[in-house]
Each structure stands twice: as structure tokens, then as C-alpha cells.
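K.L.:
Mind having a look at this structure? Questions to follow.
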Amino acid sequence: MAKKGRAKPTPRPKQPLPPPLPPERRTVGQLVAETISFYRHHFFQVLPLGLSFAAVTQLTAVFGKRHEEPYGHPPPKGFHEPSSLLGGGIELVVVLGALLLTVSYIAGIVLVTGVKPDGRTVLLGYSVGVLVYLPVPVLAQLLVLPAVLYLAAFGWTVPAILVDRTGFRDAFRRSLTLARVDYVHAAGGLATLVILFIVVRLMLLFLLRTGGEATERGAVALADLVLSPVLFVGSAIVYLDLAARVRVKAVSSGHAQVPDADDADGKGSADVPGQPRANPGGQS
């Protein structure tokens, strides 16, 4: 007696994805999704942002190797070679890193928010960005977390100048205002982006490594070029989230103009777009 075949289960219709949360309620998970979506839809615009990070890592490797060459191994513990701030040592990498990374951060903010600052505003934002970025490599030597906590408080000075049109002093005040409104989201978002970058970078390096020092350095440069833009784009989206939370808090407290009060010249506006520029489809 022939066995009856089992009836094939009826495929369930695909459920549409829930609409993305507004910026004032955006979670860290959605932040990552929005970052990846923006990267995917603006790949050729975003990719050059990784040039600065790739250059810094290559310079770090070069100077680190030169520091070890006279001994054939890392120098003895407690030994320090005399060097000046711009004398060709790791200090030079720190300064160049601040100069280069600030360029990518500004470009990322412009791409994500769609803001069009004038030359004077860009110059002020660049100067403040370099000043803010200088302590980051030192903090990162302790662990990545102190650098993340520092940037979660002071990393919003650059978008405060570019988007809100604040002055030098008010940029730091505005940055602290943004951080206080939801410091957990600011620090958690940046930390998640850094962890994502590190994990995916290690995986990509594992796949690209095939032997030789030159090949390994090329793999590192390629990984940094492709992956590091996520840090700049994601940071700009975190800024949008914090700015939206400040606006909502101001409206709920009956002081809708409070965010604009940080602009001493009256030119700024906290009403920045809540969603990344031209990011079709929200989550994807």
C-alpha cells in the first residue's frame, strides 16, 4: 500500500518590516542598521572617508617598525628615545591622525546631514575637531573605552559648529548638552560602532592574509579603507539622534527654543534633519 506523501506546508507571506523608529527613540541596533544602509546607498561617496584612517594605521606601523629596528626587538622596558613633538616619532602620528581624521569626520557629517557650511564655518569646525581629537590616541592606549567615553561627551563639537552654527565656546557647551540628554545612547552607540569595526576588521584581515609583510600591510590598508567609514557615518547619525532628543525634551518642557540658545550669534538652529540624508527605505 503506497504511503501518502506529506502535504507541503503553505509558505507564510512575508511580513513587512516595521517602520524605523524616529531619531528621538532610535535604538543602538537601528543605529547600526541605518549606518549600514547609508553606507550601502552612498558607497562611492562614503568610501573616501576611510583614506584618513588607513593612512594613520600605515604610519603607525612604519614608525613602530623604525622604533624596533635598532634593537631587533622592542626596546627595553622603561627605555625612551628622545624625540620632539614633530621629530618623526609616534607623536607625529598622533598629530597627523588628528589632522586627517577630522577631515573625514567633517566630510561624514556633511554627507549624512546634507548641511552646506561656508568656508569659515568649516575652518572653525576643523580647528575644533583637531583639538578634540588630539587626546584620543593617548586615551586609546589605556583601552578603547576611555576614548569612547571622552568622544561621547566632546565629540559633538564639530557637528555643533557645522550644523548648529555655534561659536568656539558654545560648541563645547552644545556638545555637553547633547551628551547629557542621553549619554547612554551616545556612549553605547559609539562603542557598538567601534566593536563592529574591530570584529569585522579582524574577520576581513583573516580572509585577506596570505603571507608576506607587504601583503599583510596591504590587507590592513584595504580593511581600514573599506570599514572605517562606518565610524564616521555612524557618529554623524548618533549626533542626529541626540539633537532630536534635545528638541523633544525642549518641547515637552515648554522651552522649544532652548537648543537654539546655545548659538550666541543667533544663526544656529538645532532643527537638523532627523534622518540621514537621502537614505531610502529606512532600515534595510
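Here, each number is a calculation from the coordinates, and none is a lab measurement. Just so it is clear, the model here is predicted, and its values are computed rather than measured. Positions of Cβ are generated from backbone atoms using ideal geometry, with glycine treated the same way; all protein chains shown enter the neighbour counts.
K.L.:
Which order do the peptides 221-233, 114-126 come out in when sorted by mean C-beta neighbours inside 10 angstrom, highest first?
P.N.:
Answer by packing, highest mean first, reads 221-233, 114-126.
K.L.:
Mind giving me the FRET efficiency for PHE206 and LEU92? R0 is 45 Å, r the Cβ-Cβ distance, nearest 0.05 is fine.
P.N.:
0.90
K.L.:
Grab the beta carbon distance between ARG169 and THR215, set R0 = 35 Å, and tell me the FRET efficiency rounded to 0.05.
P.N.:
On the way: r = 49 Å, r/R0 = 1.40.
The value I calculate is 0.10.
K.L.:
State the Cα centre-to-centre distance between the range 149-194 and the range 90-130 in whole Å.
P.N.:
First find each Cα centre; the distance between them is then 14 Å.
K.L.:
Would you mind getting me the FRET efficiency between LYS116 and VAL248? Use the beta-carbon distance for r and R0 = 25 Å, nearest 0.05. Numbers along the way, then the final one.
P.N.:
Values: r = 26 Å, r/R0 = 1.03.
FRET efficiency, LYS116 to VAL248: 0.45.
K.L.:
Another question, if that's okay. For the residue pair LEU222 and LEU21, what label-to-label distance in nm results when each label sits 7 Å from Cα along the Cα-to-beta-carbon direction?
P.N.:
The modelled label-to-label distance comes out at 3.8 nm.
K.L.:
Contour minus end-to-end for VAL138 and ARG180, with contour as 0.36 nm per residue of separation and end-to-end as the Cα-Cα distance?
P.N.:
That pair, VAL138 and ARG180, stretches by 12.7 nm at full extension.
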